[in-house]
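Participant: Here it is, the structure, as structure tokens.
Read-outs throughout are calculated quantities, based only on the coordinates presented, and are distinct from any laboratory measurement. Since this is a predicted model, take the numbers as computed values, not measurements. Ideal geometry is used to build each Cβ from the backbone, glycine not excepted, and the neighbour counts take in all protein chains shown.
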Amino acid sequence: MSLFRKIFGLKDGDGDNIKNEERGKYMPEIKLPIDEKFTINFKANGGKFLYCENMQEIFETLQQILDENQWGDKQVYLTDERLKELFKDFDLKPSTNLDVSTYFLTTCEYLIADDGSLLICSNQIAEKKLKDLPANFVVYATTSQFVESIGEGLRGIKNKYRERIPTNITTIKHFKAIEDKDFLTYGSSTKNLYLLLLEDF
């Protein structure tokens, strides 16, 4: 697709989804790879997608996010002990107090390709509602967390936590500013979300 963009000068997004009617009604539907499908849908939702090939790139990208937003001296809502250990060399100021936290550093369960959403549960947000969490999210995930649909993600959670299935399972899908919202996003909790995606295949 990038070759066609260079030749024909297509803008970003112009050729990502070729409508079936433009291709002819008897042509089979184009099936995008799961990672590409997620990326297109995630960016369409307004998310900031940051692909990293190794942990060094993860660290550098996180530092750029902190610098860009001037979050270096701000409190971060951080409850995941594994993330505290992973980013121990950063001068993060972890807090469990939502009232003083500027952003939320977390993981997710799965990355849903169908709609570009992130599947999370009580392992990430305990019993809190999305609207009660900080407006800014930084999510650390890996490419092995891609699934096609929410149903596949829910089955994955059920298989992963056979002994004790987590509660408060939900998706984060809307990452656009409030003025960009339409009637389809009414009542949803919009977040300014950065996805740090590590290649682990």
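Participant: How much length is gained if the chain between D89 and I30 is pulled fully straight, taking 0.36 nm per residue apart and subtracting their Cα-Cα distance, in nm to one decimal? Could the numbers behind the result be given before it?
Facilitator: Details: separation 59, 0.36 × 59 = 21.24 nm, distance 4.43 nm.
The span from D89 to I30 would gain 16.8 nm if fully extended.
Participant: Further question: Taking the inverse of the average 1/r across all pairs of different Cα atoms in segment 131-180, what Kirkwood radius in Å do you get?
Facilitator: 13.5 Å
Participant: Rounded, prolate or oblate for segment 34-198? Axes are the square roots of the Cα gyration tensor eigenvalues, ordered a ≥ b ≥ c, and the cut-off for rounded is a/c under 1.5. Walk me through the intermediate numbers first.
Facilitator: On the way: a/c = 1.28, a/b = 1.20, b/c = 1.07.
Note, shape of segment 34-198 comes out rounded.
Participant: Let me ask another. A 32 angstrom limit on the alpha carbon distance is what I want to check against. Which of K93/K129; K31/K131; K37/K93; K31/K84; K48/K129 exceed it?
Facilitator: Details: K93/K129 23 Å; K31/K131 35 Å; K37/K93 35 Å; K31/K84 38 Å; K48/K129 22 Å.
Where the Cα-Cα span goes over 32 Å, the pairs concerned are K31/K131; K37/K93; K31/K84.
Participant: Using a 7 Å offset from Cα along Cα-Cβ at T142, what residues in segment 55-71 end up with backbone N under 16 Å from the label point?
Facilitator: 55-59, by backbone N distance to the label point.
Participant: Give the long-range amide H neighbours of Y110: residues separated by 5 or more places, or on another chain, with amide H under 5 Å away, using H modelled in the peptide plane at 1.01 Å from N.
Facilitator: L119
Participant: So what are the ³J(HN,Hα) numbers for segment 35-49, from phi and the Karplus equation (6.51, -1.76, 1.60; θ = phi - 60°), rounded to whole Hz, Gly and Pro as x?
Facilitator: Each residue of segment 35-49 in turn: 5, 5, 4, 4, 4, 4, 5, 4, 5, 5, 6, x, x, 9, 9 Hz.
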